[in-house]
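One structure is given below, encoded as structure tokens.
The values are calculated or read from the model by the stated rules, or taken from the named source; none is laboratory data. Owing to the predicted nature of the structure, the values given are computational and were not obtained by experimental measurement. With ideal geometry, Cβ positions are generated from the backbone for all residues, glycine too; neighbour counts draw on all protein chains shown. Just so you know, the surface numbers come from the protein's heavy atoms only, side chains and all, with ligands and any DNA or RNA stripped out. Shrake-Rupley method; radii C 1.70, N 1.55, O 1.52, S 1.80 Å.
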Amino acid sequence: MFDRFTASQKPDVPEFGVVLIGAGALGSELAFQLAKCARSKVLVLDPEQLEARNLLRSRFLSQALSHEPDTDGPHCKATLLKAEAARTWKLSWNGAVSEIADTGLALLASYHVLCCCTDSALSRAETALAARLLGMPMLDCGVFGEGVSAGRVTWFATQQDAACYLCGMAENRRAQLLAYAASASLGCAAADRQNPMTGSSDAVRHTAQTAVKMLQTVQDGELPQTSTAWQLTYHAASDAWSDRPVILPRSGSCPWHDYHPGALVSLPWERPLAESLSRHATTHGDMVLQLHWPICTQAVCRNCRATAAPLHRVAWVRRRLHCSHCNGIGTLEPMSCVGAVASTDPLATCTPRQLHLPEHHLYLLRHAVAFPTPERSQDEPAP
Ligand SMILES: [Zn+2]
Ligand SMILES: [Zn+2]
């Protein structure tokens, strides 16, 4: 008799996958620890090129660079770590020279945890949004200041009422950060400037080891149900580390716990949005694409007053766009931006690729709000 449960039909247990956001001192140490314990499904994300200061603070990046063939070209941290994991540990990791907000949600969804090691509040906020949209947990790691023997590992649970990264922020700071990333308001260009995260080397190592242990706990199915921060402190007298857990409360004013009713869907990358939206229209009416991060349609250069139509997300314009006239980087101020696209909007003639949205993405569609036309009463004259 035919056995329905032959080996090929057994349900696959998906390999536990970790997305590592940020490959600086702490991120690359965590990558080193993940490689050492043979974690084979890792995606490393970092948009930056390698700088001399990275080599002073990272044994994995130094080791990776020493194994690279001599070329004059710049090296990117994400691709260096991916190459080193393959060379020394025979691990086929994925690496992308990309910010988390430019990484497709469909790609992220094939992993289990988003692990953030950046020194940017904005990329933490962007990671937190991806985590909430996908219902994925986020593990956030940090160290405190030059030479300080202290670190922090924070677990953000997936439950709707569990605190997210934005919950812990003071309201004015949260408003400033979201304005920087999502609106055309002027004068908030400094919102994301932070000092690089450079703890003592023992703090970096201990924080990374704690994160790796935490990931193992998660893989073993012991998912913490509440968002919790562990403060890691070194005590010289006893030559030992302590970890004090603090439960994080959800903030009632945090905007990321109530979504627009809608569903995440994939849309063709090369097809105009108008066509894709009309294919998704239902008997209940038209659909509108709700962008996770608004797109800047017009910007002006602070230096030379030249204007541009970037069609890139707002934070990317503020941080990375080159002015084509004076060649300044980060000199363009968004003047107008779009947060949602309906099939009749001018932006709907563009494809997701033309709007610099990521490939392998998931999009939030919601029903267009249709205001019913009032019925004419019988004694009202016809127009
Ligand atoms: Zn929140
Ligand atoms: Zn300019």
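Summary of computed values
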{"item": "Those helices (runs of 4 or more DSSP H) lying entirely in segment 21-81 with at least 2 residues crowded, with 24+ Cβ neighbours inside 10 Å and in contact (Cβ under 8 Å) with a residue 60 or more places away in the chain", "result": "25-36"}
{"item": "Unmet criterion (only one of (1) open to solvent by 20 Å² or more (accessible area, probe 1.4 Å); (2) touching a His at 6+ places or on another chain (Cβ under 7 Å)) for Ser110", "result": "(2)"}
{"item": "Filter result (of a type in the set (A, V, I, L, M, F, W, C), surrounded by 20 or more Cβ atoms within 10 Å (Cβ to Cβ) and in a strand (DSSP E or B)) within segment 137-182", "result": "Met138, Leu139, Cys141, Val143, Val153, Trp155, Phe156"}
{"item": "Sole residue being assigned to a loop (DSSP other than H, G, I, E, B) and at pLDDT 95 or above, chosen from Pro374, Pro358", "result": "Pro358"}
{"item": "Residue under evaluation Leu355, criteria (1) touching a residue at least 12 places away in the same chain (Cβ under 8 Å); (2) aliphatic (A, V, I, L, M); (3) open to solvent by 10 Å² or more (accessible area, probe 1.4 Å), criterion not met", "result": "(3)"}
{"item": "Selection from segment 299-333 of residues that are within 14 Å of ligand 2 (Cβ to nearest atom) and in a strand (DSSP E or B)", "result": "Ala299, Val300, Cys301, Thr307, Ala308, His322, Ile329, Leu332, Glu333"}
{"item": "Segment 234-253, residues that are of a type in the set (Ser, Thr, Tyr) and outside any strand (DSSP E or B)", "result": "Ser238, Ser251, Ser253"}
{"item": "Single condition Ile247 does not satisfy, out of (1) within 16 Å of ligand 1 (Cβ to nearest atom); (2) open to solvent by 50 Å² or more (accessible area, probe 1.4 Å); (3) under 21 Å from the mean Cα position of the chain (by Cα)", "result": "(3)"}
{"item": "Selection count, segment 254-276, where residues are outside any loop (DSSP other than H, G, I, E, B) and either touching an Asp or Glu at 6+ places or on another chain (Cβ under 7 Å) or small (Gly, Ala, Ser) (or both)", "result": "3"}
{"item": "Unique match (being open to solvent by 50 Å² or more (accessible area, probe 1.4 Å), more than 16 Å from ligand 2 (Cβ to nearest atom) and not hydroxyl-bearing (Ser, Thr, Tyr)) among Trp256, Trp241, Trp293", "result": "Trp241"}
{"item": "Flag for Val97 being surrounded by fewer than 18 Cβ atoms within 10 Å (Cβ to Cβ) and of a type in the set (Val, Ile, Thr)", "result": "yes"}
{"item": "Residue that is nearest to ligand 1 (Cβ to nearest atom), among those in segment 300-343 that are polar (S, T, N, Q) and more than 23 Å from Tyr363 (Cα to Cα)", "result": "Thr331"}
{"item": "Among (1) assigned to a helix (DSSP H, G or I); (2) of a type in the set (A, V, I, L, M); (3) within 30 Å of Gln176 (Cβ to Cβ), the one test that Leu289 misses", "result": "(1)"}
